[in-house]
Amino acid sequence: MVYCGPPSKACRACRQRKIGCDQNPRGCRQCARARRPCPGYRDYVDLLFKDQGHWVRKKVGAPSQRQPPSQRKPPPEERRCPPATANDETTSLIPTGQVHPQPSILVTAAPPQDYIPTVPHFIPPLTPSIVPDLRDLGIAVFFQQHTQLRPLQEYSDPNPMFLDFAGTIFHTSNNQMISACIKAVGLASLANIRSEKQMLTQARKEYVESLRLVNNALRVPSEAVQDSTLLGVMLLNFFEQITCVNGQFLHVWTQHVNGAALLVKLRGTRQFTYKVGLQMFQHICQNLTTNCIQTGLPVPQHIIELREQCAQYIDTKSPIWHIGDTVIKLTLLRSRVANSSNNDSDMDQILQDALDLDLEFKTISIRLSAEMPYHTCVDSSEPRFHKGIYHIYPSVWTLYAWNNLRSGRCLLHQLIRSQMLKGFSAIPPRFLSPARISIFQESLETLLQMINDILCSAAQLIGWTATPNPAPEKEPITAGARLLIWPFYVVIHICTSMGLFATFPGIDKYMMNVLAEVGRQTGILAATFLSSLLEDRELLRYLPKLKQKGFRMVEG
């Protein structure tokens, strides 16, 4: 590798014409004036160094090419390093099978065709021969497990599995606060996977240091709006999920999410003019929507307004974006229910608005069936599958979109049924027409179907079933196991409130096994905590409820 000097940041068209380029994320103005599509920009970090390996190999091999063909020696076979084992503590940064793989030239031998892994198949990278420092190990684990180490894509939805923007901020800011936050998250994940209390103690020390540094940054207005400060708050939020030991973590998690929402407001529209700002804003919106469902509050109006302005900078035709819009409407509707009176007009209007919102979910579902299809497989011989059924998704994006849709419809139909039950018990009773009774029955069928689909989506994510190998540029689907925590949380709440555990025996055991496996693979104790709630029925009374004030939550 040789240093080639500062490369041009202009788009390809402006470089060829040797003219100035304003580097607008949505396309430079020079291309706009010429009425041609802007070809986009190169990744600046990748351009700082030039790989001259091909030129060196060609130069070294030049003398042998002048020899007669009969005297040339065949090229030596490619040497492959032997596979690392789980016992190689001094030469492995990450335990085998616990984190998602990264591309590597030196690979281990492929498993046999009939081999079905129970955990993600991990190829250990090249590692130093000395034992790394514990804090350096935390940074290595974080980037290995929670980032893709690839350039951010223009106009793309943020990847739900990875904090891709964290790598960009870490390498450009050289910020002590970000280093402490990353060490805390990485060490906590590895400590939970390995069950090492000493490492978890070090992670908590880094967390305390991170809190101090984040609070110092928040006291200075100019630093509070920086990317590093917002990322620090997001990582503190993630740390709470990883180290969850009881239901109190939701309170702290809510504080971090609300703090991030206020920072987003302070950052204004400038955050939409570059890739990192766009993707961080979308991540915050996803977390804030989940938090609003949990607390029963609407999404803040300033977030809705910023989201409308953000739509000018990204592709809003994505189904992920439309699902996000519909879920935000759901949070507003749930807030109305929590603060509504019990008069007849309110009940009728809320029910009608809920049915209209369900039509939007149905429209998105039809679109997903056409653009993001998946396969339903049956294998009654495997006891780990839910009712012997499991889904195969072509990518994590497909699974993420479907489960987001299903979770929203579950919560919506729970609201519909609760509203209609309140009408049935009113004096005089309401919603007794044949059409309304039919809606009530169909709502239950839809709710049970959404729950069943969420449960069937888990087997592939946690590696219980063979998955077709993705393209080299795509992440393995087993890397998204932590995406099951929120959908399963919703299912646990609904099954508890409606008494479905008694009606459909075996659901609780299945979810307990899945969540325990997610906790083992990812080191996120929030999944382990939910599994323990299901294992001990007495603990279910401590389950944090999805707040729905104004009507009876438990049916029957």
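The values are calculated or read from the model by the stated rules, or taken from the named source; none is laboratory data. What you are looking at is a predicted structure, and each value in this text was computed from that prediction instead of being measured. Cβ atoms come from the backbone with ideal geometry, glycine included; neighbour counts cover every protein chain shown. The area values use the complete protein model at the heavy-atom level, side chains included, leaving out ligands, DNA and RNA. Shrake-Rupley method; radii C 1.70, N 1.55, O 1.52, S 1.80 Å.
Observations on the structure shown:
- Unique match (being within 23 Å of Asn403 (Cβ to Cβ), part of a helix (DSSP H, G or I), of a type in the set (Ser, Thr, Tyr) and in contact with a Ser or Thr (Cβ under 8 Å, 6 or more places away or on another chain)) among Thr290, Thr331: Thr331
- Counting residues in the range 244-260 that are surrounded by fewer than 20 Cβ atoms within 10 Å (Cβ to Cβ), β-branched (Val, Ile, Thr) and touching a Leu at 6+ places or on another chain (Cβ under 7 Å) gives one or more.
- Hey, Leu200 within 18 Å of Gly167 (Cα to Cα) and outside the structural domain of His493 (by the TED database) or not: no
- For the range 4-19, the tally of residues that are modelled with pLDDT of 85 or more and under 28 Å from Gln271 (Cβ atoms) stands at 6.
- Residue ranges of helices (runs of 4 or more DSSP H) in the range 444-547 with at least 3 members modelled with pLDDT of 85 or more and either open to solvent by 20 Å² or more (accessible area, probe 1.4 Å) or among the hydroxyl-bearing types (Ser, Thr, Tyr) (or both): 485-498, 507-522, 525-535
- Any hit, the range 370-383, residues being surrounded by fewer than 17 Cβ atoms within 10 Å (Cβ to Cβ), among the acidic types (Asp, Glu) and part of a helix (DSSP H, G or I): yes
- Looking only at the range 209-231, residues that are open to solvent by less than 50 Å² (accessible area, probe 1.4 Å) and of a type outside the set (Gly, Ala, Ser) come to 6 in all.
Quick grid of which residues meet (1) modelled with pLDDT under 95; (2) surrounded by 22 or more Cβ atoms within 10 Å (Cβ to Cβ); (3) part of a helix (DSSP H, G or I):
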residue	(1), (2), (3)
Ala401	yes, yes, yes
Ile416	yes, yes, yes
Leu421	yes, no, yes
Arg430	yes, no, no
Ile437	yes, no, yes
